[in-house]
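Colleague: Have a look at this one.
The values are calculated or read from the model by the stated rules, or taken from the named source; none is laboratory data. Source: prediction; values computed, not measured. Cβ placement follows ideal geometry from the backbone for every residue including glycine, while neighbour counts extend to all protein chains displayed.
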């Protein structure tokens, strides 16, 4: 490659052990800063689709990219909604097939996505001062798997800075956080969280 000198190597003799992560440094708890569990779109590119894309093509994108959620952008590049794996693999598509008498292959992202108007968003400034437990409490209270994080740009227009995913947070915490099927009160949900 032009301009780069090859970095020297030496023979690997196979007598080495693996480095192990520092468990105390890597452990995420409910008291960890909320930013630790936020997908920061200034650091990681969002995986996106369009409303008029086929649902099956969007699912293939998820599989190829190893994600369970896509941001849906309109023709102007604005967030039109969010498409999760559960939107695709849940009951919505089958209802559409029966209601509209269409083929599964004809379902569009717009048909099953959660529209932007129905999404929740945190302000990045609030997130910076929050703990993981604050975010989990809000997601569970609202019955949401995902929430966006917004911040204003220099002109005061809203930008999506990040995304919270309850399933990702659960993996980072090492806890089985799931939205209850039918909890009768937030106290029950909170008790389920505390028990873990």
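Colleague: Take residue 73 and decide whether it is without any contact (Cβ under 8 Å) to a residue 60 or more places away in the chain and within 16 Å of residue 54 (Cα to Cα).
Modeller: Working: without any contact (Cβ under 8 Å) to a residue 60 or more places away in the chain: yes; within 16 Å of residue 54 (Cα to Cα): yes.
Criteria met by residue 73.
Colleague: Hey, can you tell me all the residues within the stretch 79-99 that are in a helix (DSSP H, G or I) and under 13 Å from the mean Cα position of the chain (by Cα)?
Modeller: 85, 86, listed by residue number.
Colleague: Of the numbered conditions (1) touching a helix residue (DSSP H, G or I) at 6+ places or on another chain (Cβ under 9 Å); (2) more than 30 Å from residue 128 (Cα to Cα), residue 95 satisfies every one except a single condition; which is it?
Modeller: Of (1) touching a helix residue (DSSP H, G or I) at 6+ places or on another chain (Cβ under 9 Å); (2) more than 30 Å from residue 128 (Cα to Cα), only one is false for residue 95: (1).
Colleague: Filter the stretch 111-123 for residues that are over 17 Å from residue 145 (Cβ atoms) and touching a helix residue (DSSP H, G or I) at 6+ places or on another chain (Cβ under 9 Å) and give the result.
Modeller: 111
Colleague: Limited to the stretch 139-155, what total is found for residues that are surrounded by fewer than 19 Cβ atoms within 10 Å (Cβ to Cβ) and in a helix (DSSP H, G or I)?
Modeller: First, the residues of the stretch 139-155 that are surrounded by fewer than 19 Cβ atoms within 10 Å (Cβ to Cβ): 141-144, 150-155.
Restricting the remaining residues to those that are in a helix (DSSP H, G or I) gives 141-142.
So the answer is 2.
Colleague: In the stretch 27-78, which residues are in contact with a helix residue (DSSP H, G or I) (Cβ under 6 Å, 6 or more places away or on another chain) and in a loop (DSSP other than H, G, I, E, B)?
Modeller: 28, 30, 32, 47, 51, 53, 68
Colleague: Look through the stretch 119-128, keep the residues that are outside any strand (DSSP E or B) and touching a residue at least 12 places away in the same chain (Cβ under 8 Å), and return whichever of them is farthest from residue 168 (Cα to Cα).
Modeller: Here is the first cut: in the stretch 119-128, the residues outside any strand (DSSP E or B) are 119-120, 124-128.
Add one more test, that the residue is touching a residue at least 12 places away in the same chain (Cβ under 8 Å), and what stays is 119-120, 124-125, 127-128.
Details: 119: 18, 120: 17, 124: 18, 125: 21, 127: 17, 128: 18 Å.
Ranking the candidates gives 125 first.
Colleague: In addition: Would you pick out the residues in the stretch 100-127 that are at negative phi and over 18 Å from the mean Cα position of the chain (by Cα)?
Modeller: Those that are at negative phi and over 18 Å from the mean Cα position of the chain (by Cα): 100, 102, 103, 104, 105, 106, 107, 108, 110, 111, 125, 126.
Colleague: Is the stretch 103-111 home to any residue that is at pLDDT below 90 and closer than 20 Å to residue 159 by Cα?
Modeller: There is no residue in the stretch 103-111 that is at pLDDT below 90 and closer than 20 Å to residue 159 by Cα.
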